[in-house]
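Take a look at the structure below.
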Amino acid sequence: MPSDSLSSEEQYELTYRATKNAIWDVLGTAVYLLFLIFALGITLLGFVFPALGELASGGTNPLALGVGGVGFLVALIAGYQIYQLSR
């Protein structure tokens, strides 16, 4: 599309919308990445490591191990999403 076919107001509006969308895309991705990092940390510290401690101490509480397993799955999903965003 040749730029001379657009008026200066149309060029401004097009540039303004493209810039606004780009800024929100970057900001949204950064916030999502921070959310994933915090979710990964909370999951590991709150669910997975305590379940590993329970297992290492010889306990076989099925509830603790089940919660740890679910936490491990959530941590894997969050880690994979972080990996996908960083590629």
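Values quoted throughout were computed directly from the atomic coordinates according to the rules given, and no laboratory measurement underlies them. Computed from a prediction, not measured in an experiment: that's the story for all the values here. So basically every Cβ, Gly included, is an ideal-geometry build from the backbone, and we count neighbours across all protein chains shown.
List of remarks:
- Filtering region 16-41 to residues that are surrounded by 11 or more Cβ atoms within 10 Å (Cβ to Cβ) and among the small types (G, A, S) leaves A30, A39, G41.
- Within region 42-87, considering residues that are within 23 Å of V26 (Cβ to Cβ) and not hydroxyl-bearing (S, T, Y), the one surrounded by the most Cβ atoms within 10 Å (Cβ to Cβ): A78
- Taken over region 35-87, the criterion of being out of contact with any Asp or Glu (no Cβ under 9 Å at 6 or more places or on another chain) and not in a helix (DSSP H, G or I) is satisfied by S57, G58, G59, R87.
- For region 12-38, residues that are among the aromatic types (F, W, Y) and within 27 Å of I82 (Cβ to Cβ) total 4.
- Residue in region 3-15 that is outside any helix (DSSP H, G or I), hydrophobic (A, V, I, L, M, F, W, C) and surrounded by 13 or more Cβ atoms within 10 Å (Cβ to Cβ) present: yes
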